Structures are given as structure tokens and as C-alpha cells.
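Have a look at the structure below before the remarks.
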């Protein structure tokens with residue numbers, strides 16, 4: 001990640017600035033297999049209600065899933081124990097949580113919508129032959145049951161078939177199930193232990209923040225977006 005990267009986010013009534021953390025925390029946690037009835041119900045929701053397509057990332061009904069998920073609390077506890085062990089005690093229970101589904105994911109960052117947060121993701125599905133890639137960090141991790149990540153929302157990332165360097169629809173075989181289910185938490189970047197763990201510094205450009213009216217990610221003073229195929233930086237349209 002370029003040293004000149006700055007995220008601007010709203011906190012309360014004011015815009016704030018911060019650096020972008022380069023660190024990605026990861027582990028593989030011991031999780032039980034998802035209950036077959038939960039997997040089947042999520043598959044119906046993905047196919048019928050969401051119409052999820054390759055590259056999409058969408059929320060599922062967590063309340064509905066919990067009625068078919070006997071090991072839900074075990075998964076929460078595993079994630080909490082891991083993050084507590086990283087020095088992030090108490091963050092997960094106090095943070096917003098969602099159940100998500102993806103079939104791969106194009107390269108993107110989430111800083112425009114979630115610049116005041118980091119993500120903690122816990123992957124629940126079996127190995128589908130997918131990797132999560134953070135190109136700015138030169139990092140690639142296989143997505144298997146129990147893959148856990150904490151990372152800056154402004155860190156570009158994607159989910160691609162194993163070993164592939166770019167997101168290309170042609171790499172996703174149409175007869176293969178690519179669906180990955182995962183829990184995600186929004187962790188407040190204003191937490192000092194979280195900032196320390198990710199290498200984030202607050203209020204790096206306060207004067208510039210006061211001149212902005214919307215969140216954005218800038219590099220060298222220019223708003224940027226990510227090429228969905230390669231993960232390279234582009235000027236904001």
C-alpha cells in the first residue's frame with residue numbers, strides 16, 4: 001500500500017482522516033461442518049432470492065440461518081477467542097455482524113462505505129478451490145472452512161480461483177459450486193488496539209478532511225478506485 005494512501009471517513013458529524021493499514025491478520029480456526037439443512041436453505045436463498053452471480057457478495061438472513069445452525073455460538077466463540085488472543089478483547093461481541101455469501105469477488109476496497117472500520121471475516125464453507133488475494137500486500141490465502149481474517153476495509157482484495165492472479169469470469173467453471181458463506185464483523189477503527197494491530201494512524205490529514213463532504217480513499221491527494229479485474233489503482237470516476 002502506498003505511503004500516501006489516506007482514508008477519509010465520517011465519525012459523528014465530522015470527517016476524519018487516517019492511514020491505511022497494510023497488515024492482514026489471519027488464521028485457520030477449527031470449526032464444525034455446517035449443518036446440511038443450513039447449507040441447503042442458504043443455497044435456496046442464494047439461488048432464488050438473491051440470484052447471486054459470479055463476483056457478487058451479498059448478505060443473507062442471519063436470523064433465519066440461526067434457526068438451522070446448531071453450532072452458531074461455537075463459531076462466534078471461536079472467532080472471539082482468536083481475536084481476544086490478538087489483543088482485541090471485547091471487539092467482536094460489541095460489533096455489528098452479518099452473514100454473507102459470495103461466488104468469488106471482484107477486486108475492490110470497501111473504504112468508501114466502511115472507512116471507519118476494519119473487517120473480521122470467518123469463512124464457514126468447505127474448500128471450493130478459491131483464494132482470497134490482497135495484491136497490495138502480496139498476500140494470497142486459501143479459503144477453507146475456518147479461514148479467519150482481520151483487515152483494513154481500504155485494503156484492496158478479491159476472491160479468485162486458486163492460483164489465478166486476476167478476476168476473470170472464464171476461470172469459474174459453470175458446473176462448479178463456488179458459493180462461500182462467511183460471517184463478517186465491522187470493527188471500529190477508532191479502537192486503539194485494532195489500530196495498533198493493523199498499523200493505522202488517525203487524523204493524518206485533518207485540514208484536508210474538513211474540506212471533504214463524503215468518505216473516500218485517496219492516493220497522492222486523488223480519489224481512487226480499484227480495477228475489478230487486476231486490483232490495480234485507478235482514478236475515481
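The values are calculated or read from the model by the stated rules, or taken from the named source; none is laboratory data. These numbers come from a predicted model, not from an experiment. A quick note on method: Cβ atoms are made from the backbone with ideal geometry, for glycine too, and the neighbour counts reach across all protein chains shown.
In table form, for the structure just shown:
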item: Every pair of residues 6+ apart whose Cβ atoms lie under 7 Å, when the first sits in region 76-90 and is farther than 17 Å from residue 147 by Cβ while the second is in a helix (DSSP H, G or I); result: 87/193; 87/197; 88/193; 88/194; 88/197
item: Qualifying residue in region 130-139 (condition: touching a helix residue (DSSP H, G or I) at 6+ places or on another chain (Cβ under 7 Å) and in contact (Cβ under 8 Å) with a residue 60 or more places away in the chain); result: no
item: Unmet requirement for residue 19, which otherwise passes all of (1) more than 29 Å from residue 172 (Cβ to Cβ); (2) surrounded by fewer than 18 Cβ atoms within 10 Å (Cβ to Cβ); (3) at pLDDT 95 or above; result: (2)
item: Condition check for residue 150: in contact with a helix residue (DSSP H, G or I) (Cβ under 9 Å, 6 or more places away or on another chain), within 24 Å of residue 55 (Cβ to Cβ) and at pLDDT 95 or above; result: yes
item: Residues within region 196-223 that are within 30 Å of residue 60 (Cβ to Cβ) and out of contact with any helix residue (DSSP H, G or I) (no Cβ under 7 Å at 6 or more places or on another chain), tallied; result: 4
item: Residue tally, condition within 24 Å of residue 38 (Cα to Cα) and loosely packed, with under 15 Cβ neighbours inside 10 Å, over region 145-179; result: 4
